[in-house]
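Peer 1: Next up is a structure, given as structure tokens.
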Amino acid sequence: MSDSFSDFAALRYRSGISAPARLRRFVWEVVWLLAFRPTPRWALHGWRRWLLRRFGAQVGEGCRIAPSCRVWAPWNLVMGAYSALGDGVDCYSMDRIRIGSKVAVSQRSFLCTGSHDVRSLSRPLTTGPITIEDHVWIAAESMVHPHVTVHEGAVIGARSVVLQDMPAWSVCAGHPCQKIRDRVVQEASHA
């Protein structure tokens, strides 16, 4: 029995996150809970941007971030101008998340930069960045995995699972997500 227990103890998960990083995360969680999350959805966008910037996020002009949006590590978040993170969006920013300008990440989507190496029974932490270029729309409840780039102008359909790079100016959907057709943008005429 003790041999079996020692085998399990040797395979015990060990976090690769340093004590100072855990403390920084704890302080951010307290600030999120007391000063970010309680704000009204329709107001105080500037306040939420300011709080994220105080924790190292680079957030562009006019961005709208819902109070229920979770950002794991603001210091790993970069957003261009006039982008939006909707209600319940989870930015699991263990690694860098770069979001371009005029991007919409819809409600309850999950941008996940962290995972575990399943080739080892101790499941060590692995991370990889996510890049979402300008004019992208990530529709509701989609999941974007580490090491993925969603190229300019792509639309990711609701509840899609994005495991690889998605091409520019395309409509993509599914599990796994794949290109369905080109995205053709037709501007309204001004008569």
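Peer 1: Name, by its number, the condition in (1) touching a strand residue (DSSP E or B) at 6+ places or on another chain (Cβ under 6 Å); (2) surrounded by fewer than 18 Cβ atoms within 10 Å (Cβ to Cβ) that does not hold for Cys91.
Peer 2: Among (1) touching a strand residue (DSSP E or B) at 6+ places or on another chain (Cβ under 6 Å); (2) surrounded by fewer than 18 Cβ atoms within 10 Å (Cβ to Cβ), Cys91 violates only (2).
Peer 1: Turning to a different aspect of this structure: Taking interchain pairs and intrachain pairs at least six residues apart, which have beta carbon atoms under 6 angstrom, with the first residue in segment 19-39 and in contact (Cβ under 8 Å) with a residue 24 or more places away in the chain and the second of a type in the set (D, E, K, R) and in a helix (DSSP H, G or I)?
Peer 2: So the pair list comes out as Phe36/Arg48.
Peer 1: Just checking, how many residues over segment 33-76 are of a type outside the set (A, V, I, L, M, F, W, C) and part of a loop (DSSP other than H, G, I, E, B)?
Peer 2: Qualifying residue count for the region: 11.
Peer 1: Out of segment 39-72, which residues are over 23 Å from Thr113 (Cα atoms), out of contact with any strand residue (DSSP E or B) (no Cβ under 6 Å at 6 or more places or on another chain) and not basic (Lys, Arg)?
Peer 2: Correct list: Thr39, Pro40, Trp42, Ala43, Leu44, Gly46, Trp47, Trp50, Glu61, Gly62.
Peer 1: Out of everything in segment 14-48 that is more than 15 Å from Trp72 (Cα to Cα) and among the charged types (D, E, K, R), what residue ends up being modelled with the highest pLDDT?
Peer 2: Checked segment 14-48; the qualifying residue modelled with the highest pLDDT is Arg41.
Peer 1: Here is a further query. When both residues are 6+ apart or on different chains and their Cβ atoms are under 7 Å apart, which pairs have a first residue that lies in segment 114-129 and is closer than 9 Å to Met94 by Cα, and a second that is outside any strand (DSSP E or B) and among the hydroxyl-bearing types (Ser, Thr, Tyr)?
Peer 2: Taking only residues 6 or more apart or on different chains, the pairs are Thr127/Thr113; Gly128/Thr113; Pro129/Thr113.
Peer 1: Select from segment 169-187 the residues that are buried (at least 17 other Cβ atoms within 10 Å of the Cβ) and assigned to a loop (DSSP other than H, G, I, E, B) and list them in ascending order.
Peer 2: Within segment 169-187, just Arg183 meets the criteria.
Peer 1: When you scan segment 110-132, do you find a residue that is touching a Ser or Thr at 6+ places or on another chain (Cβ under 6 Å), among the acidic types (Asp, Glu) and under 25 Å from Ile180 (Cα atoms), even just one?
Peer 2: Looking for residues that are touching a Ser or Thr at 6+ places or on another chain (Cβ under 6 Å), among the acidic types (Asp, Glu) and under 25 Å from Ile180 (Cα atoms), one finds none in segment 110-132, hence no.
Peer 1: Within segment 157-168, which residues are closer than 16 Å to Asp90 by Cα and not in a loop (DSSP other than H, G, I, E, B)?
Peer 2: Within segment 157-168, Val161, Val162 meet the criteria.
Peer 1: Further question on the same structure: In segment 100-139, which residues are assigned to a strand (DSSP E or B), out of contact with any Phe, Trp or Tyr (no Cβ under 6 Å at 6 or more places or on another chain) and either surrounded by fewer than 19 Cβ atoms within 10 Å (Cβ to Cβ) or not aliphatic (A, V, I, L, M) (or both)?
Peer 2: Pass one, segment 100-139, residues assigned to a strand (DSSP E or B): 104-105, 110-112, 114-116, 125-127, 130-132, 137-138.
Going one step further and asking which of them are out of contact with any Phe, Trp or Tyr (no Cβ under 6 Å at 6 or more places or on another chain), we end up with 105, 110-111, 115-116, 125-127, 130-132, 137-138.
Phe110, Ser115, His116, Leu125, Thr126, Thr127, Thr131, Trp137 - these are the residues of segment 100-139 that are assigned to a strand (DSSP E or B), out of contact with any Phe, Trp or Tyr (no Cβ under 6 Å at 6 or more places or on another chain) and either surrounded by fewer than 19 Cβ atoms within 10 Å (Cβ to Cβ) or not aliphatic (A, V, I, L, M) (or both).
The values are calculated or read from the model by the stated rules, or taken from the named source; none is laboratory data. Note that the structure is a prediction, hence the values are computed from the model and not measured. Reconstructed Cβ throughout: ideal geometry from the backbone, glycine too, with neighbour counts over all protein chains shown.
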